[in-house]
Structure formats: structure tokens, C-alpha cells
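The values are calculated or read from the model by the stated rules, or taken from the named source; none is laboratory data. Remember, predicted model here, so these are calculated numbers, not experimental data. Using ideal geometry, Cβ is built from the backbone for each residue, glycine included, and neighbour counts are taken over all protein chains shown. When the accessible area is computed, the model is the full protein with side chains, heavy atoms only, and any ligands, DNA or RNA have been set aside. Shrake-Rupley method; radii C 1.70, N 1.55, O 1.52, S 1.80 Å.
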Amino acid sequence: MKIKNKSFKDKSKKWLKRHVDDEFVQKSISDNYRSRAAYKLVEIIDKYKILDEAKNVIDLGSAPGSWCQVLKNHGKSLNSIIAVDILEMEEIKGVTFYKSDFLSPEFEKISKTIGEFDLVLSDISPNLSGNKVSDFLLSKDLVENALSYSLQNLNTNGHFVAKYFRTGDISDVLTICKRNFHKVTSFKPKSSRKNSSEIYLVCLRKK
């Protein structure tokens, strides 16, 4: 038991050191972003120009709020930024936050009053167990739900971006995306850790 505890402590120390030394963690602190995840969205915006004509945006699974901060900084022509998460999120001026599950009947009613969006974002990650098969299935389920939401709530020519994990087959999801968007691709930001299997599904211009 003592050996296991020591091993756990050693791994924790290594993770903490890697986290503290991470250039994007340091950059997020200097830029006043709430997490290093901000730079993943910055790269996506720069590469795919998803904010160029966007007026109304929703961030699914928004906590702690770094993507909303990026939207505030980069989306100068945005009329509204909606954020939703089951976790609490500290207030961001100009962002309307709902503490809710975006799949819940309650939020469905709210969505109908908000209207359609030009961009749906999802950086949601499941609570990872370490089991690749289980984690992939949970991740895929989240992507499918976010995609379903986007197809119901995106304007024509709107965009959809969602995180998933490259540890399984999502060809059925891609088929649906290609049927409903003019361009579908995947993107691994430089700010995403090299040893992470996360990647972003980018669907442009809803048909």
C-alpha cells in the first residue's frame, strides 16, 4: 500500500510540474484567461474564421469560461454570447450564463426563446475513467448530443465545433455532419497537449 501511495504522489508531482511549466498555462495567466483551453479556440477562430459573420453564439459546457472570454475578445461584432453548463461559472460581462444541462427540457424551453445561433461550440469532456473504450463512448455521446442541438438551433450557414477523442470510430457522426454541412474537418490545435487524444470536429456552413 505504501508503494502505491508513493507512486500516486510521484505522478501527482510530475503532473503539477508539467502543468506549471506549460507555456499555455503561463500564457493564460498573463493574458487573464481562466484556463489554457482558451488558446485552442483562438487557433480554431484564426484558422477557420468562424466568427467572421457570427452574431449569436452559444458555448455548451462553458465552465470555467475561458472560451467565453475568447469570444468577448475576438467577436467584436457579436450581439449575444450564451453560455450553459451544469457547473457554476463566474460572471463574465456581456455573457448570459445558464446553470443547466443543455439537454434538459428546461433549457429546451429557454433555447426556444433565445432564437437560432450562428455558431455552436462544445468543449465538453466526460469525467474520464482511464478506460479508453468507456471514455470514448462517453465522449462520442456528448458529441452526438451537441451535434443534435446544433442541427436544431443553427442558422443556415452557421458553424459547429466540438471536442472528441481519437480513440474510436466516429464515422457515423461524420456522415451526419457531411450530410448537413458544406465542409467537415478535424483539427488538432498546437495548444492541445501532444499526449492528449483530443481533437476538434469543425463543421462549417450548415446547409
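Couple of notes before you dig in:
- When the solvent-accessible area of the stretch 25-96 is split by element, carbon and sulfur atoms take up 46 percent of it, the probe being 1.4 Å.
- If the convex hull is drawn through the Cα atoms of the stretch 15-128, its volume per residue in Å³: 116
- Heavy-atom accessible surface of the stretch 101-207: percent carbon and sulfur, 1.4 Å: 49
- Put simply, the amide H of residue 119, placed in the peptide plane, has neighbours under 5 Å in 56, 58, 159, leaving out anything fewer than 5 places away on its chain.
- The sum of -39500 (n - 2.57) across all DSSP H runs of n ≥ 4, divided by the residue count of the chain, sets its helix-only mean residue ellipticity at 222 nm to -13500 deg cm²/dmol.
- With both residues required to sit in the chain, DSSP beta bridges show an antiparallel share near 40%.
- Sequence-ordered 3J(HN,Hα) estimates for the stretch 120-126 from the Karplus curve with 6.51, -1.76 and 1.60 and θ = phi - 60° stand at 10, 10, 9, 10, 5, 10, x Hz, glycine and proline given as x.
- The stretch 137-171 versus the stretch 52-96: alpha-carbon centroid distance in Å: 18
- Filter on 93/178; 76/183; 55/178; 109/132; 47/109 - keep pairs with C-alpha separation over 32 Å: 93/178; 109/132; 47/109
- Helices assigned as whole DSSP H runs in the chain whose Cα atoms extend at least 18 Å along their own long axis and whose mean Kyte-Doolittle hydropathy is -0.5 or higher are found at 132-153.
- Semi-axes of the equivalent ellipsoid of the stretch 109-186 are 24, 15, 9 Å, computed as sqrt(5λ) over the eigenvalues of the C-alpha gyration tensor in descending order.
- Excluding ligands, DNA and RNA, the accessible surface per residue across the chain is 57 Å² with a 1.4 Å probe.
- Around residue 89: net Lys/Arg minus Asp/Glu count, Cβ-Cβ under 15 Å: -3
- Surface/4 estimate of mean projected area, convex hull on alpha-carbon atoms of the chain, nm²: 12.6
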